[in-house]
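First comes the structure, then the notes that go with it.
Every number in this text was worked out from the coordinates using simple rules, so none of it is lab data. Only a predicted model underlies this, so the values are computations on that prediction, with no experimental measurement involved. Counting neighbours? That spans all protein chains shown, and the Cβs are built from the backbone with ideal geometry, glycine included.
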Amino acid sequence: MGAGPARRPAADRARRRLALFAIGLLGLALLAGVVAKAVTARHGSSAVADQPRFQGSDVRAPEGVRVRVEVFNAAQVRGLGRRAMLYLRDQGFDVVTLATMPATRDTTLVVARGTHESWARLVARALGESRVESRADSSRDVDVSVYLGSTWRPPAQPFYP
């Protein structure tokens with residue numbers, strides 16, 4: 001009887017398969033890292049980092065004063081006016097009107113409707129240094145009008161898991 005090739009026990013074969021699988025998985029992870037690094041280097045950075053960020057500040061309405069504001073969404077971005085309204089209300093401004101304009105704007109315009117141009121400047125600073133104009137209009141029952149342009153970016157919304 002001739003001696004044939006020695007057979008490994010089943011445990012040794014299983015251990016070898018597991019080791020080969022782990023090495024293959026490690027190689028795949030390494031390849032994915034190299035590809036991600038190459039894509040990031042080619043495009044400069046991720047798309048999220050390239051998005052413009054909110055440029056406003058934590059300016060609040062004057063204490064004990066009711067600053068009535070109307071917000072017009074003059075951009076083609078659905079919900080932008082609502083986000084501005086919620087943000088301004090969080091900052092203490094009284095947003096009494098929210099509407100959509102048929103005409104579009106690129107930049108945001110803040111208009112002082114009464115004698116308090118300083119209130120319009122506060123709203124403009126809260127929204128991110130928007131242009132401020134003074135147009136007295138006693139027919140409107142507001143102190144400030146905001147025309148949101150398409151370049152305005154709302155602040156990040158809080159994440160509640």
**Request:** Identify, among 108, 118, 142, the residue whose Cα sits farthest towards the positive end of the charge dipole of region 68-148, taking +1 on the Cβ of Lys and Arg and -1 on the Cβ of Asp and Glu, with the dipole about the Cα centre.
**Result:** 108
**Under 10 Å, Cβ to Cβ, from residue 132 - net charge with Lys/Arg +1 and Asp/Glu -1** = 0
**Request:** Taking the Cβ of residue 114 as the centre, find all other residues whose Cβ is under 11 Å away and add up their charges (Lys, Arg: +1; Asp, Glu: -1).
**Result:** 0
**Asked** If you place +1 on the Cβ of every Lys and Arg and -1 on the Cβ of every Asp and Glu, how big does the dipole about the Cα centre of region 68-148 come out, in debye to the nearest 20?
**Response** 200 debye
**Item:** Listed peptides 151-158, 138-145, 125-132, 68-75 by packing density, highest first (mean Cβ within 10 Å)
**Value:** 68-75, 125-132, 138-145, 151-158
**Prompt:** To the nearest 0.05, how large is the calculated FRET efficiency for residue 65 and residue 23 if R₀ is 45 Å and r is the Cβ-Cβ distance?
**Reply:** 0.05
